[in-house]
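Working notes, structure below.
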């Protein structure tokens, strides 16, 4: 009896400890055909940006954030902010592709929807960060 109880605890305990309270999203960020790996990602709430964990091309978003119908995310690279809203029920990945449009860079963002959103970046100086 003690052996079966111990075995049951050893099998169930790891699953309860590793229960994720976040959703892991694949992120691909390209600029002029080159992969960008040093971008930072934030969640925007009431004009304040909160940094999201990002590692190995995966963005971890807390499940509590995903309960709202949509959220605003920021990708920051080289002092420029790419600001986009995602619908949480159709949010499977993020693909950002930056390319030259005249003298400026335009970013095309897709997060699993049927269309790409075109975004003009703005300066990171205009964002209030939670420290």
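The values are calculated or read from the model by the stated rules, or taken from the named source; none is laboratory data. A quick note: this is a predicted structure, and the numbers were derived from the prediction, not measured. With ideal geometry, Cβ positions are generated from the backbone for all residues, glycine too; neighbour counts draw on all protein chains shown.
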Exactly one of 82, 71 is part of a strand (DSSP E or B), at pLDDT 90 or above and in contact with a helix residue (DSSP H, G or I) (Cβ under 9 Å, 6 or more places away or on another chain), and that residue is 71
Being under 25 Å from residue 130 (Cα atoms) and surrounded by 15 or more Cβ atoms within 10 Å (Cβ to Cβ) is the filter; apply it to the range 25-39 and report the residue that is farthest from the chain's Cα centre (by Cα).
36
Among the residues listed as 104, 120, 80, 67, the single one being surrounded by 13 or more Cβ atoms within 10 Å (Cβ to Cβ) and either without any contact (Cβ under 8 Å) to a residue 24 or more places away in the chain or within 17 Å of the chain's Cα centre (by Cα) (or both)
80
If residue 89 satisfies all but one of (1) modelled with pLDDT under 90; (2) in a strand (DSSP E or B), what's the number of the condition it fails?
(2)
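Okay, residues lined up against (1) at pLDDT 55 or above; (2) assigned to a strand (DSSP E or B); (3) within 30 Å of residue 105 (Cβ to Cβ):
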residue	(1), (2), (3)
3	yes, no, no
6	no, no, no
9	no, no, no
14	no, no, no
20	yes, no, no
25	yes, yes, yes
38	yes, no, yes
43	yes, yes, yes
49	yes, yes, yes
Can you tell me how many residues in the range 51-64 are part of a strand (DSSP E or B) and surrounded by 17 or more Cβ atoms within 10 Å (Cβ to Cβ)?
3
Looking at 115, 93, can you tell me which residue is touching a residue at least 24 places away in the same chain (Cβ under 8 Å) and either under 14 Å from residue 73 (Cα atoms) or surrounded by fewer than 14 Cβ atoms within 10 Å (Cβ to Cβ) (or both)?
93
Only residues that are farther than 30 Å from residue 63 by Cα and in a loop (DSSP other than H, G, I, E, B): list them for the range 92-105, please.
102, 103
